[in-house]
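Visitor: Sending over a structure as structure tokens; questions will come in a sec.
All of the numbers you see were taken from the coordinates with simple rules; none came from a lab. In this text, all values refer to a predicted model and were calculated from it rather than measured experimentally. All Cβ positions, glycine included, derive from the backbone under ideal geometry; neighbour counts span all protein chains shown.
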Amino acid sequence: MTDTTITSELTEGQQWAKGELRLFIDNEETLYRGQYIPILKNLLRKLDKGVYDHEKAPKLWRYLVDRGAREYCQKFGGNVRHDFPKVARDAVAQDYADEFKNDTDAAREHTARSFTRPTLREHTV
């Protein structure tokens, strides 16, 4: 399922849950240092080795999303399954995976262009 397919299946309440969960995860330092950065490093290693699989990436991001949902409910009350349905959590994980892929593709494109540019000639005095 692509990101647009998941997003189009979400109800208004699930869209809100997706946005709220994403904001919470992005702004929670313990999640950022404890899981976000290690997941990024792991995926970058896989990318460097050539074994990165974009179809499997959302599963890895899902660990972060599930932990974020649990911490949100501990902090503000509620039930993870009720407040953040599986479809909404899957959509957040897919967003993280797509964002990673787009960012790394853009970085590769930028790097490729910077290596193909001609070198600057020294100024003659």
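Visitor: Please compare each pair in Lys18/Lys75; Lys18/Lys59; Lys18/Lys49; Lys18/Lys101 to a cut-off of 27 Å on the Cα-Cα distance and tell me which ones are over it.
Guide: Check vs 27 Å cut-off fails for Lys18/Lys49.
Visitor: Which residue, chosen from Leu64, Ala106, Gln14, occupies the Cα position most advanced towards the positive end of the dipole of segment 3-113, where the dipole is computed from +1 (Lys, Arg) and -1 (Asp, Glu) charges on Cβ about the Cα centre?
Guide: Leu64
Visitor: Let me ask something else about it. Looking at segment 1-92, which trypsin sites (Lys or Arg not before Pro) are in a loop (DSSP not H, G, I, E or B) and have at most 13 other Cβ atoms within 10 Å?
Guide: Here the sparse-neighbourhood loop sites are Lys56.
Visitor: Now for a separate question. Out of segment 1-89, which GluC sites (Glu not before Pro) are coil in DSSP terms and have no more than 13 other C-beta atoms within 10 Å?
Guide: Sparse-neighbourhood loop GluC sites (Glu not before Pro): Glu55.
Visitor: For segment 46-53, just list the computed ³J(HN,Hα) in residue order, Karplus coefficients 6.51, -1.76 and 1.60, θ = phi - 60°, integers in Hz, with x standing in for Gly and Pro.
Guide: Result, rounded to whole Hz: 4, 5, 5, 6, x, 10, 5, 10.
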